[in-house]
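Asker: This is the structure I have questions about; it appears just below.
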Amino acid sequence: MALKRMDNVGIVVEDLTAAITFFSELGLELEGRATIEGEWAGRVTGLTDQCVEIAMMRTPDGHSRLEISRFISPAVVADHRNAPVNALGYLRVMFAVDDLDETLEKLSKQGAEVVGDIVNYRDIYRLCYIRGPEGILIGLAQELG
């Protein structure tokens with residue numbers, strides 16, 4: 001038995017449409033949007049009875065996906081969106097970009113804000129963290145040279 005790939009990372013949001021718009025602006029492509037509910041869905045998540053609207057977004061290379069979810073029921077029970085980078089659990093999603101400055105300019109129009117500084121790591125990468133939709137922590141990295 002061998003691991004084949006990482007299929008997706010899941011993020012829960014309040015405003016699914018705004019999150020789709022933001023990640024589309026970043027360069028992800030919407031693969032599909034659906035409502036998932038029923039006994040089988042509750043069994044796999046452990047929430048027993050659930051109704052969740054999801055959007056599956058694919059990276060341009062086709063290898064990674066981001067599953068964005070909005071829970072209709074049950075109600076969301078915790079909020080970790082503004083947790084600092086050293087918090088336990090979900091930390092961030094990192095994306096490689098062609099042009100960091102151009103990406104930041106586009107995403108700032110969607111409300112994104114740089115968390116700390118844009119840094120140059122050993123002339124290999126320029127990178128930063130931003131807060132995206134609803135405060136979600138996102139890393140951006142531009143390979144140099």
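The values are calculated or read from the model by the stated rules, or taken from the named source; none is laboratory data. Since the structure is predicted, the reported quantities are computational estimates derived from the model, not experimental observations. Glycine also receives a Cβ, built like all others from the backbone with ideal geometry; neighbour counts cover every protein chain displayed.
Asker: Cβ contacts < 8 Å: first residue in contact (Cβ under 8 Å) with a residue 24 or more places away in the chain, restricted to the stretch 1-12; second residue part of a loop (DSSP other than H, G, I, E, B) and among the β-branched types (Val, Ile, Thr), any location; separation 6+ or different chain. Result?
Answerer: From residues that are in contact (Cβ under 8 Å) with a residue 24 or more places away in the chain, the pairs are Ile11/Ile136; Val12/Val76.
Asker: Could you say whether any residue in the stretch 9-23 is modelled with pLDDT of 95 or more and either of a type in the set (S, T, N, Q) or in contact with a His (Cβ under 8 Å, 6 or more places away or on another chain) (or both)?
Answerer: Checked the stretch 9-23: at least one residue is modelled with pLDDT of 95 or more and either of a type in the set (S, T, N, Q) or in contact with a His (Cβ under 8 Å, 6 or more places away or on another chain) (or both).
Asker: Restricting the search to the stretch 121-145, which residues are loosely packed, with under 15 Cβ neighbours inside 10 Å and more than 17 Å from the chain's Cα centre (by Cα)?
Answerer: Once the filter is applied, which keeps residues that are loosely packed, with under 15 Cβ neighbours inside 10 Å and more than 17 Å from the chain's Cα centre (by Cα), the stretch 121-145 yields Tyr121, Arg122, Asp123, Ile124, Glu143, Leu144, Gly145.
Asker: Counting only residues that are in a helix (DSSP H, G or I), among the β-branched types (Val, Ile, Thr) and surrounded by 18 or more Cβ atoms within 10 Å (Cβ to Cβ), how many does the stretch 1-28 have? Show your work before the answer.
Answerer: Filtering the stretch 1-28 for residues in a helix (DSSP H, G or I) gives 16-26.
Cutting the leftovers down to among the β-branched types (Val, Ile, Thr) gives us 17, 20-21.
So of that shortlist, the ones also surrounded by 18 or more Cβ atoms within 10 Å (Cβ to Cβ) come out as 20.
Residues that pass the stated criteria total 1.
Asker: Now for a different question. Which one of Thr103, Thr59 is out of contact with any helix residue (DSSP H, G or I) (no Cβ under 9 Å at 6 or more places or on another chain) and β-branched (Val, Ile, Thr)?
Answerer: Among Thr103, Thr59, only Thr59 is out of contact with any helix residue (DSSP H, G or I) (no Cβ under 9 Å at 6 or more places or on another chain) and β-branched (Val, Ile, Thr).
Asker: State which residue pairs qualify: first residue in the same structural domain as Ile136 (by TED's automatic domain parsing) and over 22 Å from Ala18 (Cα atoms) and inside the stretch 99-120, second residue modelled with pLDDT of 95 or more and among the polar types (S, T, N, Q) in any location, beta carbons under 8 Å apart, and separation of 6 or more residues or different chains.
Answerer: From residues that are in the same structural domain as Ile136 (by TED's automatic domain parsing) and over 22 Å from Ala18 (Cα atoms), the pairs are Asp99/Gln142.
Asker: Could you tell me whether any residue of the stretch 113-120 is surrounded by fewer than 17 Cβ atoms within 10 Å (Cβ to Cβ) and at positive phi?
Answerer: no
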